[in-house]
Amino acid sequence: MLHILDAFDISYWMMVKSHNLKGPYDISLIEGSVSTPREIQEIKEIRAKTKMLVALGDCAVTGCIPSIKNWFPQRELEKEVYPDTSVIFSTKIYGIDEYVPVDIYLKGCPPHRNMILELLKGYLLGVRPYIRPHCVCVECKLRENSCLITIKNRPCMGPVTNAGCGALCPTVNRDCEGCYGPMSSPNASSLAETFRKIGLPDDDIMRKFRKYAGTTPDFHKEAEGE
Amino acid sequence: MSQKSVTVDYVSRVEGQGALNIQVSADGKVKEAQLRIFEPPKFFESFLVGRKFDEVMELTSRICGVCPVAHEITALRAVENAMGITVSDQTRDLRKLFALSAHINSNVLNMYFFAVPDLLGYESAVAMIKDYPHIIKRGLKLKKLGNDLTDLIGGKAIHPVTAVIKGFTKVPSKKDIDMFKKRFKEAKKDALETVGMFAKLEIPEFNRKCEHVALSNSKEYAINEGRIVSTEGLDIEESAYR
């Protein structure tokens, strides 16, 4: 990792450095969703001085778990937490591409370190990084796990979830919960129907799709409970 | 009377996001210092309402990428207490080890990568590599040790997945635990060198009235369970915390 860092000048990284440069930047790796007016301005400014904008992790890609709040009226969310709500300015939570074009999406909560290395190495070599578009099931088969859905009747999100984790959860005896967000062109309604056949109540199905990526068009219908 | 003001728009090398405003009077005395936290609110307390009991730890884990283990264990214990579930000694011990692995991660990050550059006059740990490679390498080695142990118990180091209500979906093998025992015995040297290094560093004197809160347990060093106590006299049951 230190060798890779040697090949880059780190211009701006608040959590690590005190001397941070104002740009322009060749690559910007953006973590986190956009949820305040200040952040809307910030992401637009970063986009304007960045050649390659990368959404790093589910928060930046889909809004991730904090986006569950989008289904509540803002005043109710605020009332529950803050005695003085007049100082809170919070918008609905979305990934950064709600506001600016994004060049590369690194999915996952968190994204696997190999994906970050793949991106940085690809950049250095001038080749397109290989970002997996397929579902977790492919990795699960490669690990020779037996299928949680067809063999054990368990509600696994693997068939609609983007790969990258190496099918970690099914390998340690947990259902995939979908923490890499939707794969490319998932069939969410078919999986929801399978969950119904397994005996999962409609509320549980809705919660599963309204978790890491309820804001995405891919999961929208199921996240709304339609 | 003229006075000077110092503004730091974004405080670097800390967990979270904040700005600093300092007012200095004409005779050079600090009149006012304000830390302004602009980290956006995320409303976890609110949107957890209506979620299912078995996903609370998975959701609260996402409060923080540095200390997800603490949030997971706390959520699991809260749900278990509410449902009257007691866990086995094995689960209790493994959770303790799990929490300790996260303490190593968090403390090494804070000491080696946030604090040491300030104390030695560098802008970052990256900038220290050339002059102090042994310090940075020791920090990275200790960080990796903590990460790997969280990984072994939890499946991955950030937002681990194996800790669930009543226990773990998978426990480490005896072979893996023995291997870690060996690695930890070797790391004792690095830990002692860390203590030695900090004992020698000059830390600026700063005292102010401040309430410090911690867990306290009369039987052992409190890790996951105990009473919540503070330096101002707070002493309550965990379940009384709001």
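The values are calculated or read from the model by the stated rules, or taken from the named source; none is laboratory data. Only a predicted model underlies this, so the values are computations on that prediction, with no experimental measurement involved. Here the Cβ positions follow ideal geometry from the backbone for every residue, glycine too, while neighbour counts run over all protein chains shown.
Only one residue in A:GLU144, A:GLU177 is in the same structural domain as A:LYS208 (by TED's automatic domain parsing), acidic (Asp, Glu) and without any contact (Cβ under 8 Å) to a residue 24 or more places away in the chain. Which one?
On the way: A:GLU177 fails: without any contact (Cβ under 8 Å) to a residue 24 or more places away in the chain.
Matching residue, one of A:GLU144, A:GLU177: A:GLU144.
Between A:PRO101, A:PRO83, which is farther than 26 Å from A:PRO217 by Cα, part of a loop (DSSP other than H, G, I, E, B) and not assigned by TED's automatic domain parsing to the domain that holds A:THR216?
Working: A:PRO101 fails: farther than 26 Å from A:PRO217 by Cα.
None of the others qualify; the one that does is A:PRO83.
So, of the residues in segment A:19-36 that are touching a Ser or Thr at 6+ places or on another chain (Cβ under 6 Å) and not polar (S, T, N, Q), which turns out to be nearest to A:LEU106 (Cα to Cα)?
Of everything passing the filter in segment A:19-36, A:TYR25 is nearest to A:LEU106 (Cα to Cα).
If you take the residues of segment A:49-65 that are of a type in the set (A, V, I, L, M) and away from chain B (no Cβ under 12 Å), which of them is surrounded by the fewest Cβ atoms within 10 Å (Cβ to Cβ)?
Residues of segment A:49-65 that are of a type in the set (A, V, I, L, M), as a first pass: A:52-56, A:60-61, A:65.
Pick out the ones that are also away from chain B (no Cβ under 12 Å) and you get A:52-55, A:60-61.
Numbers: A:MET52: 14, A:LEU53: 21, A:VAL54: 24, A:ALA55: 26, A:ALA60: 27, A:VAL61: 30.
Residue satisfying both the conditions and the ranking: A:MET52.
Looking only at segment B:1-47, count how many residues are of a type in the set (Val, Ile, Thr) and either closer than 17 Å to A:VAL87 by Cα or assigned to a loop (DSSP other than H, G, I, E, B) (or both).
Just the residues of segment B:1-47 that are of a type in the set (Val, Ile, Thr), to begin with: B:6-8, B:11, B:14, B:22, B:24, B:30, B:37.
Now drop any that are not either closer than 17 Å to A:VAL87 by Cα or assigned to a loop (DSSP other than H, G, I, E, B) (or both), which leaves B:11, B:14, B:37.
Residues meeting the conditions: 3.
Here are the criteria: (1) assigned by TED's automatic domain parsing to the domain that holds B:PHE114; (2) more than 30 Å from A:PRO73 (Cβ to Cβ); (3) of a type in the set (S, T, N, Q). Tell me which single one B:THR74 does not satisfy.
(2)
Results for (1) of a type in the set (Gly, Ala, Ser); (2) more than 13 Å from A:SER33 (Cα to Cα), shown as yes or no for each residue.
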site	(1), (2)
A:LYS69	no, no
A:PRO73	no, yes
A:VAL81	no, yes
A:GLY95	yes, no
A:PRO101	no, yes
A:ILE104	no, yes
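Please work out which residue is farthest from the other protein chains (Cβ to nearest Cβ), limiting yourself to segment A:73-109 and to residues that are among the hydroxyl-bearing types (Ser, Thr, Tyr) and within 20 Å of A:ILE43 (Cβ to Cβ). Full working, then the answer.
So in segment A:73-109, the residues among the hydroxyl-bearing types (Ser, Thr, Tyr) come out as A:82, A:85-86, A:90-91, A:94, A:99, A:105.
From the residues that got through so far, the ones that are within 20 Å of A:ILE43 (Cβ to Cβ) too are A:90-91, A:94, A:99, A:105.
Details: A:SER90: 6, A:THR91: 9, A:TYR94: 13, A:TYR99: 15, A:TYR105: 18 Å.
In this case the residue turns out to be A:TYR105.
Determine whether B:SER88 is in contact with an Asp or Glu (Cβ under 7 Å, 6 or more places away or on another chain), closer than 29 Å to B:LYS181 by Cβ, in contact (Cβ under 8 Å) with a residue 12 or more places away in the chain and hydroxyl-bearing (Ser, Thr, Tyr). Even if it seems obvious, please write down each step before you answer.
Details: in contact with an Asp or Glu (Cβ under 7 Å, 6 or more places away or on another chain): no; closer than 29 Å to B:LYS181 by Cβ: yes; in contact (Cβ under 8 Å) with a residue 12 or more places away in the chain: yes; hydroxyl-bearing (Ser, Thr, Tyr): yes.
When the stated conditions are applied, B:SER88 does not pass them.
Can you spot a residue in segment A:54-76 that is aliphatic (A, V, I, L, M) and more than 27 Å from A:ALA167 (Cα to Cα)?
Narrowing segment A:54-76 to residues aliphatic (A, V, I, L, M): A:54-56, A:60-61, A:65, A:68.
Going one step further and asking which of them are more than 27 Å from A:ALA167 (Cα to Cα), we end up with none.
No, segment A:54-76 contains no residue that is aliphatic (A, V, I, L, M) and more than 27 Å from A:ALA167 (Cα to Cα).
Looking at B:ALA127, is it farther than 27 Å from A:CYS179 by Cα, within 11 Å of another protein chain (Cβ to nearest Cβ) and in contact with a helix residue (DSSP H, G or I) (Cβ under 8 Å, 6 or more places away or on another chain)?
On the way: farther than 27 Å from A:CYS179 by Cα: yes; within 11 Å of another protein chain (Cβ to nearest Cβ): yes; in contact with a helix residue (DSSP H, G or I) (Cβ under 8 Å, 6 or more places away or on another chain): yes.
The answer is yes for B:ALA127.
Across segment B:226-242, what is the total count of residues that are touching a His at 6+ places or on another chain (Cβ under 7 Å) and exposed (fewer than 12 other Cβ atoms within 10 Å of the Cβ)?
Going through segment B:226-242, the residues touching a His at 6+ places or on another chain (Cβ under 7 Å) turn out to be B:230-231.
Filter again for exposed (fewer than 12 other Cβ atoms within 10 Å of the Cβ), leaving B:231.
Residues meeting the conditions: 1.
Here is a check on your reading of the model: is A:LEU125 crowded, with 20+ Cβ neighbours inside 10 Å, away from chain B (no Cβ under 13 Å) and out of contact with any helix residue (DSSP H, G or I) (no Cβ under 9 Å at 6 or more places or on another chain)? Can you show your working first?
Working: crowded, with 20+ Cβ neighbours inside 10 Å: no; away from chain B (no Cβ under 13 Å): yes; out of contact with any helix residue (DSSP H, G or I) (no Cβ under 9 Å at 6 or more places or on another chain): yes.
Criteria not met by A:LEU125.
Test B:ASP54 against the criterion of being farther than 26 Å from B:ALA214 by Cα and exposed (fewer than 15 other Cβ atoms within 10 Å of the Cβ), and give yes or no. Before the answer, list the steps.
Values: farther than 26 Å from B:ALA214 by Cα: yes; exposed (fewer than 15 other Cβ atoms within 10 Å of the Cβ): yes.
Considered against the rule, which asks whether it is farther than 26 Å from B:ALA214 by Cα and exposed (fewer than 15 other Cβ atoms within 10 Å of the Cβ), B:ASP54 comes out as yes.
Would you please name the residue that is nearest to the other protein chains (Cβ to nearest Cβ), looking only at residues in segment A:166-190 that are in contact with an Asp or Glu (Cβ under 6 Å, 6 or more places away or on another chain) and among the hydrophobic types (A, V, I, L, M, F, W, C)?
Applying the filter and picking the extreme gives A:ALA167.
Just wondering, is there one or more residues in segment B:148-166 that are part of a strand (DSSP E or B), at negative phi and within 11 Å of chain A (Cβ to nearest Cβ)?
Filtering segment B:148-166 down to residues part of a strand (DSSP E or B) leaves B:163-164.
Add one more test, that the residue is at negative phi, and what stays is B:163-164.
Remaining after also requiring within 11 Å of chain A (Cβ to nearest Cβ): B:163-164.
Yes: segment B:148-166 contains one or more residues that are part of a strand (DSSP E or B), at negative phi and within 11 Å of chain A (Cβ to nearest Cβ).
Might you let me know whether segment B:83-92 holds any residue that is in a helix (DSSP H, G or I) and basic (Lys, Arg)? Break it down into steps so the answer makes sense when it comes.
From segment B:83-92, those in a helix (DSSP H, G or I) are B:83, B:89-92; that's our starting set.
Checking which are basic (Lys, Arg) leaves us with B:92.
Looking through segment B:83-92, at least one residue is in a helix (DSSP H, G or I) and basic (Lys, Arg).
Looking only at segment A:39-48, filter to residues that are of a type in the set (Val, Ile, Thr) and within 17 Å of A:PRO24 (Cβ to Cβ); which one of those is surrounded by the most Cβ atoms within 10 Å (Cβ to Cβ)?
A:ILE43
List the number of the failed condition for A:ASN114; all other conditions in (1) on the phi > 0 side of the Ramachandran plot; (2) out of contact with any helix residue (DSSP H, G or I) (no Cβ under 9 Å at 6 or more places or on another chain) hold.
In the conditions (1) on the phi > 0 side of the Ramachandran plot; (2) out of contact with any helix residue (DSSP H, G or I) (no Cβ under 9 Å at 6 or more places or on another chain), A:ASN114 misses (1) alone.
State yes or no: is A:MET1 surrounded by fewer than 17 Cβ atoms within 10 Å (Cβ to Cβ), closer than 21 Å to B:ARG36 by Cβ and modelled with pLDDT under 95? Let's see the steps before the verdict.
Values: surrounded by fewer than 17 Cβ atoms within 10 Å (Cβ to Cβ): yes; closer than 21 Å to B:ARG36 by Cβ: no; modelled with pLDDT under 95: yes.
In short, no.
Being within 12 Å of chain A (Cβ to nearest Cβ) and either in contact with a Lys or Arg (Cβ under 6 Å, 6 or more places away or on another chain) or acidic (Asp, Glu) (or both) narrows it down to one residue among B:GLU58, B:GLU80; which is it? Give the steps one after another, and end with the answer.
On the way: B:GLU80 fails: within 12 Å of chain A (Cβ to nearest Cβ).
Being within 12 Å of chain A (Cβ to nearest Cβ) and either in contact with a Lys or Arg (Cβ under 6 Å, 6 or more places away or on another chain) or acidic (Asp, Glu) (or both) holds for just one of B:GLU58, B:GLU80, which is B:GLU58.
Give the number of residues within segment B:109-124 that are within 14 Å of chain A (Cβ to nearest Cβ) and part of a helix (DSSP H, G or I).
Of the residues in segment B:109-124, the ones within 14 Å of chain A (Cβ to nearest Cβ) are B:109-110, B:112-124.
After this cut, where a residue has to be part of a helix (DSSP H, G or I) as well, the list is B:109-110, B:112-120.
Final tally of qualifying residues: 11.
I'd like the full set of residues that are assigned to a loop (DSSP other than H, G, I, E, B) and in contact with a Ser or Thr (Cβ under 9 Å, 6 or more places away or on another chain), limited to segment B:194-222.
Step one: list which residues in segment B:194-222 are assigned to a loop (DSSP other than H, G, I, E, B), which gives B:201-212, B:217-222.
The answer is B:CYS210, B:GLU211, B:HIS212, B:ALA222.
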